[in-house]
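Inspection log for the structure reproduced underneath, given as C-alpha coordinates.
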Amino acid sequence: MANISTSASRQGNPPAPAHALHPLAAELDRTLSADGCVVASLLAETGRRVYFPYGGILGQGTEAKSCEINATIGMAFEEDGSPLTLECFEKSVNLPKRAFLYCGSFGSPELRAAWRQMQIRKNPGLAGKTFSNPVVTNALTHGLKIAASLFVEPGDTLIVPEQRWDNYDLIFREMHDAQIAAYPMFSPSRGFNAAGLAARLAEPGDKKIVLLNFPNNPTGYTATDEDAAAIVAALKNAADSGKKIVAVLDDAYFGLVYEKGIHGESLFTELCDASPNIIAVKLDGTTKEDYVWGMRVGFVTFGWKGASASQLRAMEAKSAGIVRATISNVSSLGQNMAVRAYADPEFEAQKREKYETLRARYHEIRRILSEHGEYLGAFEAMPFNSGYFMCVKPKGVDAEAVRRRLVEKYSTGVIAISGLIRLAFSTIPLAKLETLFANVYSAINDLRA
(Lines give C-alpha, C1' and ligand atoms only; values in the text may rest on other atoms or scores of the structure.)
Protein backbone atom coordinates (compact mmCIF):
# COMPACT_ATOMS: atom_id res chain seq x y z
CA MET A 1 0.00 0.00 0.00
CA ALA A 2 1.42 3.39 -0.99
CA ASN A 3 2.13 5.80 1.79
CA ILE A 4 -0.01 8.92 2.01
CA SER A 5 2.68 11.40 0.98
CA THR A 6 3.65 9.36 -2.10
CA SER A 7 0.02 8.85 -3.06
CA ALA A 8 -0.72 12.56 -2.64
CA SER A 9 2.23 13.60 -4.79
CA ARG A 10 1.13 11.26 -7.58
CA GLN A 11 -2.26 13.01 -7.56
CA GLY A 12 -0.57 16.38 -7.87
CA ASN A 13 -1.04 17.37 -4.24
CA PRO A 14 1.94 18.62 -2.22
CA PRO A 15 3.24 16.25 0.49
CA ALA A 16 2.22 16.93 4.05
CA PRO A 17 4.72 19.28 5.71
CA ALA A 18 7.08 17.84 8.30
CA HIS A 19 6.25 18.71 11.87
CA ALA A 20 7.65 22.02 13.01
CA LEU A 21 11.03 22.23 14.68
CA HIS A 22 10.66 22.39 18.46
CA PRO A 23 11.63 25.83 19.84
CA LEU A 24 14.26 24.28 22.11
CA ALA A 25 15.85 22.49 19.15
CA ALA A 26 15.73 25.67 17.08
CA GLU A 27 17.47 27.58 19.87
CA LEU A 28 20.25 24.96 20.12
CA ASP A 29 20.69 25.03 16.33
CA ARG A 30 20.97 28.83 16.35
CA THR A 31 23.63 28.56 19.04
CA LEU A 32 25.53 25.98 16.98
CA SER A 33 25.52 28.21 13.89
CA ALA A 34 26.48 31.46 15.67
CA ASP A 35 29.76 33.20 14.84
CA GLY A 36 30.36 31.06 11.78
CA CYS A 37 30.32 27.74 13.68
CA VAL A 38 29.91 24.84 11.22
CA VAL A 39 28.42 22.30 13.64
CA ALA A 40 24.80 23.03 12.73
CA SER A 41 25.58 22.44 9.05
CA LEU A 42 26.99 18.99 9.89
CA LEU A 43 24.03 17.81 11.93
CA ALA A 44 21.76 15.14 10.50
CA GLU A 45 18.01 15.71 10.50
CA THR A 46 17.77 13.84 13.81
CA GLY A 47 20.65 15.85 15.21
CA ARG A 48 18.98 19.07 14.12
CA ARG A 49 15.65 18.15 15.68
CA VAL A 50 16.86 16.69 18.96
CA TYR A 51 16.89 18.77 22.15
CA PHE A 52 16.89 18.27 25.88
CA PRO A 53 13.41 18.94 27.33
CA TYR A 54 14.42 21.54 29.90
CA GLY A 55 10.87 22.82 30.28
CA GLY A 56 9.16 19.42 30.50
CA ILE A 57 8.87 16.99 33.39
CA LEU A 58 12.62 17.05 34.02
CA GLY A 59 12.85 20.83 34.00
CA GLN A 60 9.85 21.23 36.27
CA GLY A 61 11.29 18.60 38.58
CA THR A 62 14.58 20.51 38.76
CA GLU A 63 12.76 23.69 39.75
CA ALA A 64 11.01 21.78 42.54
CA LYS A 65 14.14 20.19 44.03
CA SER A 66 14.31 22.61 46.93
CA CYS A 67 10.59 22.47 47.68
CA GLU A 68 9.48 21.11 51.05
CA ILE A 69 6.86 18.99 49.30
CA ASN A 70 8.05 17.65 45.94
CA ALA A 71 5.51 15.59 43.99
CA THR A 72 7.19 15.87 40.57
CA ILE A 73 9.27 12.77 39.80
CA GLY A 74 8.49 9.11 39.24
CA MET A 75 10.50 7.64 42.11
CA ALA A 76 9.31 6.36 45.50
CA PHE A 77 10.53 7.32 48.97
CA GLU A 78 10.07 6.02 52.49
CA GLU A 79 8.20 8.01 55.16
CA ASP A 80 11.56 9.39 56.33
CA GLY A 81 12.44 10.60 52.81
CA SER A 82 15.00 7.90 51.98
CA PRO A 83 14.66 5.87 48.76
CA LEU A 84 11.98 3.17 49.05
CA THR A 85 14.03 0.10 48.08
CA LEU A 86 13.94 -3.64 48.69
CA GLU A 87 16.46 -5.04 51.13
CA CYS A 88 17.14 -7.99 48.82
CA PHE A 89 18.53 -5.53 46.27
CA GLU A 90 20.33 -3.38 48.82
CA LYS A 91 22.34 -6.29 50.22
CA SER A 92 23.69 -7.09 46.73
CA VAL A 93 25.62 -3.82 46.49
CA ASN A 94 27.75 -1.97 48.99
CA LEU A 95 26.53 1.46 47.96
CA PRO A 96 24.39 4.18 49.56
CA LYS A 97 20.68 4.11 48.81
CA ARG A 98 21.00 7.04 46.40
CA ALA A 99 22.57 4.58 43.95
CA PHE A 100 19.04 3.28 43.31
CA LEU A 101 17.77 6.71 42.19
CA TYR A 102 17.91 8.22 38.70
CA CYS A 103 21.15 9.94 37.71
CA GLY A 104 19.53 12.06 34.98
CA SER A 105 20.09 12.05 31.23
CA PHE A 106 23.37 13.99 31.36
CA GLY A 107 24.72 11.56 33.96
CA SER A 108 25.91 11.88 37.52
CA PRO A 109 27.48 15.34 38.05
CA GLU A 110 30.11 13.79 40.33
CA LEU A 111 31.05 11.18 37.73
CA ARG A 112 31.14 13.69 34.87
CA ALA A 113 33.48 15.95 36.84
CA ALA A 114 35.69 13.02 37.87
CA TRP A 115 35.93 11.66 34.33
CA ARG A 116 36.79 15.06 32.87
CA GLN A 117 39.65 15.39 35.34
CA MET A 118 40.78 11.86 34.48
CA GLN A 119 40.69 12.72 30.75
CA ILE A 120 43.07 15.60 31.42
CA ARG A 121 45.31 13.53 33.68
CA LYS A 122 45.55 10.77 31.05
CA ASN A 123 45.94 13.32 28.24
CA PRO A 124 48.09 16.15 29.63
CA GLY A 125 47.84 18.01 26.33
CA LEU A 126 44.18 18.74 27.13
CA ALA A 127 45.14 20.97 30.06
CA GLY A 128 44.01 24.49 29.30
CA LYS A 129 42.07 23.48 26.19
CA THR A 130 38.35 24.08 25.69
CA PHE A 131 36.10 21.05 25.31
CA SER A 132 32.69 19.95 26.57
CA ASN A 133 31.91 18.17 29.77
CA PRO A 134 31.40 14.45 29.11
CA VAL A 135 27.83 13.19 28.90
CA VAL A 136 27.33 9.70 30.32
CA THR A 137 26.36 6.99 27.82
CA ASN A 138 25.47 3.33 28.13
CA ALA A 139 29.11 2.50 27.25
CA LEU A 140 30.83 2.89 23.88
CA THR A 141 28.21 1.29 21.65
CA HIS A 142 25.61 3.75 22.87
CA GLY A 143 28.10 6.58 22.33
CA LEU A 144 28.54 5.49 18.72
CA LYS A 145 24.76 5.45 18.28
CA ILE A 146 24.54 8.98 19.70
CA ALA A 147 27.25 10.19 17.30
CA ALA A 148 25.47 8.55 14.36
CA SER A 149 22.12 10.05 15.39
CA LEU A 150 23.66 13.50 15.63
CA PHE A 151 25.63 13.57 12.41
CA VAL A 152 24.70 10.82 9.92
CA GLU A 153 22.12 11.41 7.22
CA PRO A 154 21.08 8.59 4.86
CA GLY A 155 23.67 8.50 2.08
CA ASP A 156 26.44 10.13 4.12
CA THR A 157 29.81 8.39 3.95
CA LEU A 158 31.73 6.97 6.90
CA ILE A 159 35.49 6.85 6.32
CA VAL A 160 36.96 3.96 8.28
CA PRO A 161 39.81 1.43 7.90
CA GLU A 162 39.08 -1.96 6.37
CA GLN A 163 40.14 -3.56 9.64
CA ARG A 164 37.38 -2.40 11.95
CA TRP A 165 34.86 -3.55 14.53
CA ASP A 166 31.85 -5.01 12.72
CA ASN A 167 29.44 -3.08 14.96
CA TYR A 168 30.38 0.11 13.08
CA ASP A 169 28.69 -1.31 9.99
CA LEU A 170 25.61 -2.29 11.96
CA ILE A 171 25.23 1.14 13.57
CA PHE A 172 26.24 3.50 10.78
CA ARG A 173 25.26 1.55 7.65
CA GLU A 174 22.34 -0.64 8.67
CA MET A 175 20.68 1.70 11.18
CA HIS A 176 21.56 5.09 9.64
CA ASP A 177 21.96 4.25 5.93
CA ALA A 178 25.54 5.52 5.70
CA GLN A 179 27.87 4.40 2.95
CA ILE A 180 31.17 2.84 4.07
CA ALA A 181 34.32 4.22 2.44
CA ALA A 182 37.08 1.91 3.67
CA TYR A 183 40.81 2.06 3.10
CA PRO A 184 43.60 -0.41 3.97
CA MET A 185 44.64 0.23 7.56
CA PHE A 186 48.34 -0.41 7.07
CA SER A 187 50.84 1.21 4.73
CA PRO A 188 53.49 -0.84 2.89
CA SER A 189 55.89 0.04 5.72
CA ARG A 190 53.40 -1.51 8.20
CA GLY A 191 52.48 1.78 9.82
CA PHE A 192 49.05 3.41 9.79
CA ASN A 193 47.90 4.24 6.27
CA ALA A 194 47.47 8.01 6.65
CA ALA A 195 47.79 8.37 2.86
CA GLY A 196 44.75 6.13 2.42
CA LEU A 197 42.81 8.30 4.87
CA ALA A 198 43.89 11.45 3.04
CA ALA A 199 42.77 9.97 -0.30
CA ARG A 200 39.31 9.27 1.08
CA LEU A 201 39.12 12.79 2.52
CA ALA A 202 40.00 14.24 -0.90
CA GLU A 203 37.06 12.55 -2.62
CA PRO A 204 34.11 14.73 -3.74
CA GLY A 205 31.79 16.09 -1.07
CA ASP A 206 32.36 18.69 1.63
CA LYS A 207 30.99 16.70 4.61
CA LYS A 208 33.30 13.97 5.88
CA ILE A 209 32.68 11.61 8.79
CA VAL A 210 35.84 9.84 9.94
CA LEU A 211 36.03 7.10 12.57
CA LEU A 212 39.36 6.23 14.21
CA ASN A 213 39.81 3.52 16.85
CA PHE A 214 43.06 3.20 18.84
CA PRO A 215 44.00 0.69 20.14
CA ASN A 216 42.26 -0.81 17.16
CA ASN A 217 39.78 -3.66 17.31
CA PRO A 218 40.55 -6.13 15.74
CA THR A 219 44.26 -5.56 15.07
CA GLY A 220 45.51 -4.31 18.44
CA TYR A 221 47.40 -1.47 16.72
CA THR A 222 47.77 2.05 18.08
CA ALA A 223 49.15 4.94 16.06
CA THR A 224 52.79 5.72 16.68
CA ASP A 225 53.89 9.32 17.21
CA GLU A 226 54.74 9.47 13.50
CA ASP A 227 51.37 7.96 12.54
CA ALA A 228 49.49 10.40 14.76
CA ALA A 229 51.23 13.41 13.22
CA ALA A 230 50.34 12.14 9.73
CA ILE A 231 46.69 11.52 10.68
CA VAL A 232 46.31 14.99 12.19
CA ALA A 233 48.00 16.55 9.16
CA ALA A 234 45.65 14.70 6.77
CA LEU A 235 42.59 15.92 8.67
CA LYS A 236 43.86 19.50 8.99
CA ASN A 237 44.81 19.69 5.31
CA ALA A 238 41.33 18.52 4.33
CA ALA A 239 39.73 21.00 6.73
CA ASP A 240 41.92 23.82 5.40
CA SER A 241 40.73 22.97 1.88
CA GLY A 242 37.12 23.55 2.95
CA LYS A 243 36.05 20.06 4.01
CA LYS A 244 33.85 19.94 7.11
CA ILE A 245 34.83 16.93 9.18
CA VAL A 246 33.29 15.00 12.04
CA ALA A 247 36.14 13.02 13.63
CA VAL A 248 34.74 10.25 15.83
CA LEU A 249 37.41 8.83 18.14
CA ASP A 250 36.63 5.41 19.62
CA ASP A 251 38.99 5.31 22.60
CA ALA A 252 37.52 2.18 24.17
CA TYR A 253 40.91 0.56 24.86
CA PHE A 254 42.75 3.77 25.72
CA GLY A 255 45.94 3.39 27.75
CA LEU A 256 46.55 -0.27 26.97
CA VAL A 257 49.81 0.22 25.06
CA TYR A 258 52.87 -1.98 25.48
CA GLU A 259 55.68 -0.43 23.41
CA LYS A 260 57.66 2.80 23.31
CA GLY A 261 57.06 5.30 20.52
CA ILE A 262 53.29 4.81 20.56
CA HIS A 263 51.23 7.98 20.66
CA GLY A 264 50.43 8.33 24.34
CA GLU A 265 47.34 10.53 24.15
CA SER A 266 43.99 10.34 22.44
CA LEU A 267 43.89 12.08 19.06
CA PHE A 268 41.14 14.17 20.66
CA THR A 269 43.96 16.16 22.28
CA GLU A 270 45.18 17.40 18.89
CA LEU A 271 41.84 17.50 17.12
CA CYS A 272 39.64 19.27 19.69
CA ASP A 273 41.22 22.60 18.67
CA ALA A 274 42.78 21.75 15.30
CA SER A 275 40.31 23.63 13.09
CA PRO A 276 36.85 25.22 13.14
CA ASN A 277 36.05 22.68 10.41
CA ILE A 278 36.93 19.61 12.52
CA ILE A 279 34.38 18.54 15.12
CA ALA A 280 36.10 16.03 17.40
CA VAL A 281 33.88 13.51 19.18
CA LYS A 282 35.61 11.51 21.91
CA LEU A 283 34.01 8.22 22.95
CA ASP A 284 35.53 6.53 25.98
CA GLY A 285 34.49 4.77 29.15
CA THR A 286 35.04 2.41 32.00
CA THR A 287 34.33 -0.79 30.06
CA LYS A 288 37.75 -1.75 28.70
CA GLU A 289 39.92 0.85 30.42
CA ASP A 290 38.83 -0.19 33.90
CA TYR A 291 37.89 -3.84 33.24
CA VAL A 292 34.16 -3.54 34.05
CA TRP A 293 32.58 -4.80 30.83
CA GLY A 294 29.09 -5.39 32.22
CA MET A 295 28.83 -2.07 34.05
CA ARG A 296 28.05 -0.23 30.79
CA VAL A 297 29.23 3.27 31.66
CA GLY A 298 30.76 5.41 28.91
CA PHE A 299 31.07 9.04 27.86
CA VAL A 300 30.78 11.33 24.84
CA THR A 301 32.80 14.58 24.73
CA PHE A 302 33.01 17.29 22.04
CA GLY A 303 35.56 19.87 20.96
CA TRP A 304 36.46 22.11 18.02
CA LYS A 305 38.52 25.23 17.48
CA GLY A 306 36.65 28.36 18.50
CA ALA A 307 33.87 26.54 20.33
CA SER A 308 32.10 28.74 22.85
CA ALA A 309 30.89 27.51 26.22
CA SER A 310 27.27 27.87 25.07
CA GLN A 311 27.94 25.85 21.91
CA LEU A 312 29.56 23.04 23.87
CA ARG A 313 26.62 23.03 26.28
CA ALA A 314 24.33 22.81 23.26
CA MET A 315 26.08 19.63 22.12
CA GLU A 316 25.80 18.23 25.64
CA ALA A 317 22.08 19.04 25.59
CA LYS A 318 21.53 17.35 22.23
CA SER A 319 23.41 14.26 23.42
CA ALA A 320 21.42 14.17 26.67
CA GLY A 321 18.26 14.56 24.59
CA ILE A 322 19.13 11.39 22.67
CA VAL A 323 19.85 9.61 25.97
CA ARG A 324 16.47 10.81 27.25
CA ALA A 325 14.67 9.69 24.09
CA THR A 326 16.23 6.22 23.98
CA ILE A 327 17.17 4.90 27.43
CA SER A 328 16.14 7.82 29.68
CA ASN A 329 19.37 7.61 31.71
CA VAL A 330 22.32 5.31 32.33
CA SER A 331 22.35 2.88 35.26
CA SER A 332 22.76 4.78 38.52
CA LEU A 333 24.33 1.71 40.12
CA GLY A 334 27.12 1.66 37.54
CA GLN A 335 27.73 5.39 37.83
CA ASN A 336 27.86 5.31 41.63
CA MET A 337 30.22 2.33 41.52
CA ALA A 338 32.53 4.31 39.25
CA VAL A 339 32.45 7.40 41.46
CA ARG A 340 33.38 5.32 44.48
CA ALA A 341 36.11 3.41 42.64
CA TYR A 342 37.79 6.54 41.30
CA ALA A 343 37.94 7.98 44.81
CA ASP A 344 39.49 4.80 46.20
CA PRO A 345 43.21 5.25 47.05
CA GLU A 346 43.88 1.73 45.73
CA PHE A 347 42.37 2.39 42.30
CA GLU A 348 45.55 3.28 40.40
CA ALA A 349 47.61 0.45 41.89
CA GLN A 350 44.92 -2.13 41.15
CA LYS A 351 44.52 -0.86 37.59
CA ARG A 352 48.28 -1.05 37.05
CA GLU A 353 48.31 -4.65 38.28
CA LYS A 354 45.69 -5.68 35.71
CA TYR A 355 47.51 -3.79 32.99
CA GLU A 356 50.68 -5.72 33.79
CA THR A 357 48.78 -9.00 33.35
CA LEU A 358 47.88 -8.01 29.79
CA ARG A 359 51.32 -6.59 29.05
CA ALA A 360 52.95 -9.89 30.10
CA ARG A 361 50.74 -11.77 27.65
CA TYR A 362 51.64 -9.33 24.89
CA HIS A 363 55.35 -9.88 25.44
CA GLU A 364 54.84 -13.64 25.60
CA ILE A 365 53.24 -13.47 22.15
CA ARG A 366 56.24 -11.52 20.89
CA ARG A 367 58.52 -14.25 22.28
CA ILE A 368 56.47 -17.04 20.70
CA LEU A 369 56.48 -15.39 17.28
CA SER A 370 60.22 -14.69 17.42
CA GLU A 371 61.11 -18.25 18.43
CA HIS A 372 58.88 -20.07 15.94
CA GLY A 373 60.16 -19.16 12.52
CA GLU A 374 58.12 -21.99 11.04
CA TYR A 375 54.96 -19.98 11.70
CA LEU A 376 55.97 -17.52 8.97
CA GLY A 377 55.15 -20.17 6.39
CA ALA A 378 51.59 -20.48 7.67
CA PHE A 379 50.56 -16.99 8.69
CA GLU A 380 51.64 -13.37 8.88
CA ALA A 381 51.24 -11.47 12.13
CA MET A 382 49.66 -8.11 11.43
CA PRO A 383 51.15 -5.03 13.15
CA PHE A 384 50.12 -4.88 16.81
CA ASN A 385 51.36 -3.05 19.87
CA SER A 386 48.44 -2.54 22.26
CA GLY A 387 44.93 -3.39 23.40
CA TYR A 388 43.22 -6.75 23.83
CA PHE A 389 43.85 -8.32 20.42
CA MET A 390 46.26 -9.22 17.67
CA CYS A 391 45.57 -10.64 14.21
CA VAL A 392 47.23 -13.11 11.92
CA LYS A 393 46.65 -13.44 8.18
CA PRO A 394 46.63 -17.09 7.08
CA LYS A 395 48.57 -17.89 3.94
CA GLY A 396 46.88 -19.84 1.18
CA VAL A 397 43.66 -20.64 3.09
CA ASP A 398 40.46 -18.86 4.04
CA ALA A 399 40.29 -17.33 7.52
CA GLU A 400 36.76 -18.60 8.09
CA ALA A 401 37.83 -22.13 7.17
CA VAL A 402 40.65 -21.88 9.70
CA ARG A 403 38.24 -20.67 12.36
CA ARG A 404 35.93 -23.65 11.80
CA ARG A 405 38.86 -26.08 11.80
CA LEU A 406 40.10 -24.67 15.11
CA VAL A 407 36.70 -25.16 16.71
CA GLU A 408 36.08 -28.62 15.31
CA LYS A 409 39.51 -30.23 15.75
CA TYR A 410 41.46 -28.16 18.27
CA SER A 411 38.74 -26.89 20.63
CA THR A 412 40.02 -23.37 20.03
CA GLY A 413 37.79 -20.37 19.44
CA VAL A 414 38.92 -17.36 17.41
CA ILE A 415 37.24 -14.64 15.31
CA ALA A 416 37.52 -14.51 11.51
CA ILE A 417 37.13 -10.91 10.33
CA SER A 418 38.22 -9.04 7.19
CA GLY A 419 40.26 -12.03 6.01
CA LEU A 420 42.16 -12.14 9.30
CA ILE A 421 42.07 -14.30 12.41
CA ARG A 422 41.61 -12.21 15.54
CA LEU A 423 43.14 -13.60 18.73
CA ALA A 424 41.91 -12.05 21.97
CA PHE A 425 44.95 -12.61 24.19
CA SER A 426 43.09 -10.66 26.89
CA THR A 427 41.18 -13.87 27.61
CA ILE A 428 44.00 -16.43 27.42
CA PRO A 429 46.18 -17.38 30.42
CA LEU A 430 49.89 -16.91 29.84
CA ALA A 431 50.56 -20.64 29.95
CA LYS A 432 48.08 -21.37 27.12
CA LEU A 433 49.36 -18.83 24.59
CA GLU A 434 51.96 -21.24 23.22
CA THR A 435 49.20 -23.81 22.56
CA LEU A 436 46.95 -21.18 20.97
CA PHE A 437 49.52 -20.33 18.30
CA ALA A 438 50.50 -23.97 17.81
CA ASN A 439 46.84 -24.79 17.16
CA VAL A 440 46.47 -21.96 14.64
CA TYR A 441 49.61 -23.19 12.86
CA SER A 442 48.34 -26.77 12.79
CA ALA A 443 44.86 -25.83 11.57
CA ILE A 444 46.28 -23.84 8.65
CA ASN A 445 48.59 -26.71 7.69
CA ASP A 446 45.69 -29.16 7.90
CA LEU A 447 43.73 -27.10 5.37
CA ARG A 448 46.70 -26.57 3.09
CA ALA A 449 47.41 -30.31 3.04
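The values are calculated or read from the model by the stated rules, or taken from the named source; none is laboratory data. The shown structure was predicted, so the numbers you read here are calculated from the model rather than taken from an experiment. Backbone-built Cβ (ideal geometry, glycine too); neighbour counts: all protein chains shown.
Couple of notes before you dig in:
- Index of the failed condition, Val292 passing every other in (1) in contact with a Phe, Trp or Tyr (Cβ under 9 Å, 6 or more places away or on another chain); (2) assigned to a loop (DSSP other than H, G, I, E, B); (3) farther than 30 Å from Gly56 by Cα; (4) of a type in the set (A, V, I, L, M, F, W, C): (1)
- In the stretch 147-163, the residues that are within 11 Å of Val246 (Cα to Cα) reach residues that are of a type in the set (Val, Ile, Thr) and in a helix (DSSP H, G or I) with C-beta atoms within less than 8 angstrom, at least six apart or across chains, in these pairs: Ala148/Ile171; Leu150/Thr46; Leu150/Ile322.
- Number of positions in the stretch 432-447 that are among the hydroxyl-bearing types (Ser, Thr, Tyr) and under 18 Å from Arg404 (Cβ atoms): 2
- Scanning the stretch 218-271 for residues that are on the phi > 0 side of the Ramachandran plot and crowded, with 21+ Cβ neighbours inside 10 Å turns up just one, Gly220.
- Looking across the stretch 240-291 at every residue that is among the basic types (Lys, Arg) and under 24 Å from Phe347 (Cα atoms), the one that is nearest to the chain's Cα centre (by Cα) is identified as Lys282.
- Filtering the stretch 366-415 to residues that are under 14 Å from Gly220 (Cα atoms) and touching a helix residue (DSSP H, G or I) at 6+ places or on another chain (Cβ under 6 Å) leaves Ala381, Tyr388.
- Strands (runs of 3 or more DSSP E) lying entirely in the stretch 132-214 (those with 2 or more residues that are β-branched (Val, Ile, Thr) and at pLDDT 95 or above): 135-137, 157-161, 207-213
- Residues in the stretch 278-289 that are under 24 Å from Lys129 (Cβ atoms) and in contact with a helix residue (DSSP H, G or I) (Cβ under 7 Å, 6 or more places away or on another chain): Ile278, Ile279, Ala280, Val281, Lys282, Leu283, Gly285, Thr286.
- Residue check, Asn133 surrounded by fewer than 23 Cβ atoms within 10 Å (Cβ to Cβ), within 14 Å of the chain's Cα centre (by Cα) and in the same structural domain as Val246 (by TED's automatic domain parsing): no
- Criterion applied to Asp251, Asp240 was being in the same structural domain as Ala113 (by TED's automatic domain parsing) and either within 20 Å of Ala113 (Cα to Cα) or touching a residue at least 60 places away in the same chain (Cβ under 8 Å) (or both), and the one residue passing it is Asp251.
- Screening Gly59 with (1) free of Cβ contacts under 8 Å to residues at least 12 places away in the same chain; (2) part of a loop (DSSP other than H, G, I, E, B) gives one miss only, at (2).
- Candidate set from the stretch 41-65 (those that are hydrophobic (A, V, I, L, M, F, W, C) and touching a Phe, Trp or Tyr at 6+ places or on another chain (Cβ under 7 Å)); member that is surrounded by the fewest Cβ atoms within 10 Å (Cβ to Cβ): Ala44
- Of the residues examined, Ala314 is not one that is out of contact with any Gly (no Cβ under 8 Å at 6 or more places or on another chain), surrounded by fewer than 21 Cβ atoms within 10 Å (Cβ to Cβ) and outside any loop (DSSP other than H, G, I, E, B).
- Members of the stretch 68-118 that are closer than 20 Å to Gly143 by Cβ and of a type in the set (Lys, Arg): Arg112, Arg116
- Here Trp115 passes the criteria (1) in contact with a strand residue (DSSP E or B) (Cβ under 8 Å, 6 or more places away or on another chain); (2) among the aromatic types (Phe, Trp, Tyr); (3) outside any helix (DSSP H, G or I) except the one numbered (3).
- Qualifying residue in the stretch 52-71 (condition: under 27 Å from Ala178 (Cβ atoms) and either of a type outside the set (A, V, I, L, M) or in the same structural domain as Ala280 (by TED's automatic domain parsing) (or both)): yes
- Leading residue by the ranking (farthest from Thr286 (Cα to Cα)) among those in the stretch 88-112 that are in contact with a Pro (Cβ under 8 Å, 6 or more places away or on another chain) and part of a helix (DSSP H, G or I): Lys97
- Residues of the stretch 417-432 classified as crowded, with 19+ Cβ neighbours inside 10 Å and modelled with pLDDT of 95 or more, total: 5
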